[in-house]
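Everything on this sheet refers to the single structure shown next.
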Amino acid sequence: MTSSCRAMLVLVALAAAGCADFERGSPAMRDSTNATQDGSVRAEDAGVTVDVSIERVSYTGQVYPLLLSLCRDCHRMGGEATTSGFVLGGDSLADYPTIARLSSSTRPAESRLLAKATGQGHQGGVVISAGADAFEIIVQWVQQGLRP
Ligand code: HEC
């Protein structure tokens, strides 16, 4: 083995060690923010650790599929509600602004989306009853900041 080759090996070993150190350090860095990646929040007070798990509602995984299955029969181009301000094209990203516009961050449960869905002045009648799982999922999503 030539000396330059050995030097390369040493460099590779050093680089690997450096990476391992960095990986060991990063969870500690995350901890210092008190928020973990799964959305749970850890509060440390007087030596007591409390784990409060907050379930993060997913727009693409929960809210959007729900609206598609419950509302899109009427709320699509050519559907019964085609002239309303709530028409779903079928693409979660493209439809996001429409859905967000009909949601109230200050009063999530009173969002126009939910008022209509629960039958308040809605030609489509009662599609979701207040307090039903679908209702709660949408309310929580609005409360959590309408994350796309
Ligand atoms: C059976 C058909 C039908 C279904 C299903 C339906 N709607 Fe509607 N919706 C209508 C019609 C027709 C209108 C337009 C007249 C009115 O405002 O009631 C409307 C209007 C609305 C509006 C008002 C939009 C605007 O212009 O501001 C909202 C919001 C709405 N619906 C939400 C929903 C939601 C959310 C769902 C599903 C959970 C849903 N609707 C399901 C028929 C339907």
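Scanning the stretch 136-145 turns up at least one residue that is assigned to a helix (DSSP H, G or I), under 16 Å from the mean Cα position of the chain (by Cα) and surrounded by fewer than 16 Cβ atoms within 10 Å (Cβ to Cβ).
Given (1) more than 12 Å from the ligand (Cβ to nearest atom); (2) under 14 Å from residue 63 (Cβ atoms), where does residue 98 come up short, assuming only one miss? All conditions are met except number (1). Restricting attention to the stretch 61-83, the residues that are among the small types (Gly, Ala, Ser) and surrounded by 15 or more Cβ atoms within 10 Å (Cβ to Cβ) add up to 2. For the residues 125, 79, 90, 119, the requirement of being under 21 Å from the mean Cα position of the chain (by Cα), assigned to a loop (DSSP other than H, G, I, E, B) and not hydroxyl-bearing (Ser, Thr, Tyr) singles out 90.
With respect to residue 111, is the statement that it is modelled with pLDDT of 95 or more and more than 12 Å from the ligand (Cβ to nearest atom) true? Criteria not met by residue 111. Selection of the stretch 89-148 for residues being closer than 12 Å to residue 71 by Cβ and in contact with an Asp or Glu (Cβ under 9 Å, 6 or more places away or on another chain) yields only 124.
Taken as a whole, the condition of being touching a residue at least 24 places away in the same chain (Cβ under 8 Å), more than 9 Å from the ligand (Cβ to nearest atom) and closer than 20 Å to residue 62 by Cα does not apply to residue 91. Among the residues of the stretch 77-88, the one identified as among the small types (Gly, Ala, Ser) and more than 9 Å from the ligand (Cβ to nearest atom) is 78.
The values are calculated or read from the model by the stated rules, or taken from the named source; none is laboratory data. Given the structure is predicted, the values throughout are model-derived calculations rather than measurements. Backbone-built Cβ (ideal geometry, glycine too); neighbour counts: all protein chains shown.
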